[in-house]
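The values are calculated or read from the model by the stated rules, or taken from the named source; none is laboratory data. What you see is a predicted model, and the numbers here were worked out from it, not measured in a lab. Neighbour counts are summed over all protein chains in view; Cβ atoms, including those assigned to glycine, are modelled from backbone coordinates with ideal geometry.
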């Protein structure tokens, strides 16, 4: 079997070869040059732009590919800003000492925002994304212990019980069936491993008007929607800022306008436009409650459930493998 130079360079690459499976028949794959081949069903999975490709198209995730190629480093932490690390802690409950030296799966890695945090904490991370954003993550984290795969969460190309930790932050509610997407993941945890997910909250109704607009905006081309929002987002943001300084009626009127025409209100213009595009472009966008997610986790046999610092974030643990008779003696 001929291995590529990259596949032999790190422990993570060696690990990938032991756990990677055909996304169709789940047989072990063979590495040959710049591809992985299935000896059972003859499928070939190429390595393109630093990314192992297990899907032929982005399907419903094309808007995410557009946004992360355009905003490829907007949300990455640097020496002066640790916003993504703060988000990661609040939404997963994981700590640096938890992930250090562990094999971690990032489900919906995007351009590598949270994988950058996990690898900085010492984790070995495999990131999957249905969109071509995986290519951006591969580029952003090329010097880290990280491997990117373009893959479908419903057909993951990995052996069961492969990962110490799995997380998915702000992604699974953009799939056609969020419940099934969550329930797919525990089988890929090692016994004693932990899963953390963060989903949009179903408790607030502030988004009802944006859901109406999304019936139309998600049908627009990514380029067309982006051009529209480049005008609408600054307009409504500055209108909001201006109204709030008007005595007595300013703040209530600003709140009403934001309710009817929701746009992100971050101070940074680039981040504001990015997050608004992220809200209006997806084809699927479901909202959920703690009761729902706890039930899903319990259905999968996860235990020791915890909620995060922001809704709706849930973390659970896969029971450890039962000890053998020899170990009990």
Pairs under 7 Å by beta carbon, first residue in contact (Cβ under 8 Å) with a residue 60 or more places away in the chain and outside the structural domain of residue 159 (by TED's automatic domain parsing) in region 12-40, partner surrounded by fewer than 16 Cβ atoms within 10 Å (Cβ to Cβ) and not in a loop (DSSP other than H, G, I, E, B), six or more apart or different chains?
-> 13/6; 21/28; 23/155
Residue 183 fails exactly one of (1) under 22 Å from residue 317 (Cα atoms); (2) assigned to a strand (DSSP E or B), namely (2)
Can you find a residue in region 177-197 that is surrounded by 19 or more Cβ atoms within 10 Å (Cβ to Cβ), in contact with a helix residue (DSSP H, G or I) (Cβ under 8 Å, 6 or more places away or on another chain), modelled with pLDDT of 95 or more and within 23 Å of residue 265 (Cβ to Cβ)?
-> no
Please go through region 122-143 and pick out each residue that is part of a loop (DSSP other than H, G, I, E, B) and crowded, with 19+ Cβ neighbours inside 10 Å.
-> 123, 130, 131, 132, 141
Output for region 231-254, where each listed residue is within 19 Å of residue 275 (Cβ to Cβ) and over 25 Å from the mean Cα position of the chain (by Cα) = 231, 232, 234, 235, 236, 237, 238, 239, 240, 241, 254
Please tell me if residue 122 is under 18 Å from residue 18 (Cα atoms) and without any contact (Cβ under 8 Å) to a residue 40 or more places away in the chain.
-> no
